[in-house]
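First up is the structure itself, then whatever we jot down about it.
The values are calculated or read from the model by the stated rules, or taken from the named source; none is laboratory data. Everything quoted here is computed from the prediction, not taken from an experiment. Cβ placement follows ideal geometry from the backbone for every residue including glycine, while neighbour counts extend to all protein chains displayed. These accessible areas exclude ligands, DNA and RNA; they are computed on the full protein's heavy atoms, side chains included. Shrake-Rupley method; radii C 1.70, N 1.55, O 1.52, S 1.80 Å.
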Amino acid sequence: MNTANDHAVKVLNSLIETTLDSANGYKEAAENATSTQYRSMFADRSMRRNELVRELQQEVRTFGGEPETDQSLLGKAHNKFVDLKNALTGGADDKAVINEVERGEDMIKAKYEAAIADQELPTTARDLVNRAYGQIKADHDEVSRIKHQMN
């Protein structure tokens, strides 16, 4: 049986995977950044994204679902690709790290926008997604600003 709860669980679990991708991406960015300012900013965002994951997981439970606990296969593959690229090129500079972070921010922002636009998503879930989106958009916009200042 496919109910509104099932749909909410599916959408929220997809957001959990993407948010875990983001948290892990920020963790990797913190490890690869040369600037202490960026390392600190990325580490903080990784922690905030992990907190958001916990909120989304709790929301999945309210709909009777089993929350995701791992990032997506695509996210894992991307992390491995970045690790390999850094190993082959001798590491990353801050500009390269910012470029990768912005790509990830574009993806997560689009995913949350799609969830907000989902008319089948129950109000409580949409409210959580809307609140989270505010921070995600602010993070996206800041990284975009930093990237454009570097170019």
If a residue must be under 17 Å from Asp6 (Cα atoms) and out of contact with any Asp or Glu (no Cβ under 9 Å at 6 or more places or on another chain), how many such residues does region 117-151 contain? 6
Within region 108-151, the residues that are open to solvent by less than 60 Å² (accessible area, probe 1.4 Å) and outside any helix (DSSP H, G or I) are Asp118, Leu121, Pro122
What do you reckon, is Glu102 modelled with pLDDT of 55 or more and either hydroxyl-bearing (Ser, Thr, Tyr) or outside any helix (DSSP H, G or I) (or both)? no
So, in region 1-38, exactly how many residues are open to solvent by 60 Å² or more (accessible area, probe 1.4 Å), closer than 27 Å to Lys95 by Cα and assigned to a helix (DSSP H, G or I)? 4
Those residues of region 17-41 which are more than 13 Å from Ile108 (Cα to Cα) and acidic (Asp, Glu) amount to Glu28, Glu31
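Yes or no: Ala43 surrounded by fewer than 24 Cβ atoms within 10 Å (Cβ to Cβ), hydrophobic (A, V, I, L, M, F, W, C) and without any contact (Cβ under 8 Å) to a residue 40 or more places away in the chain? Quick ask: steps written out before the conclusion?
Details: surrounded by fewer than 24 Cβ atoms within 10 Å (Cβ to Cβ): yes; hydrophobic (A, V, I, L, M, F, W, C): yes; without any contact (Cβ under 8 Å) to a residue 40 or more places away in the chain: yes.
Answer is yes for this residue.
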Members of region 120-145 found to be of a type in the set (S, T, N, Q) and touching a Lys or Arg at 6+ places or on another chain (Cβ under 9 Å), listed by number: Gln135
If a residue must be within 16 Å of the chain's Cα centre (by Cα) and either crowded, with 20+ Cβ neighbours inside 10 Å or modelled with pLDDT under 95 (or both), how many such residues does region 47-79 contain? 16
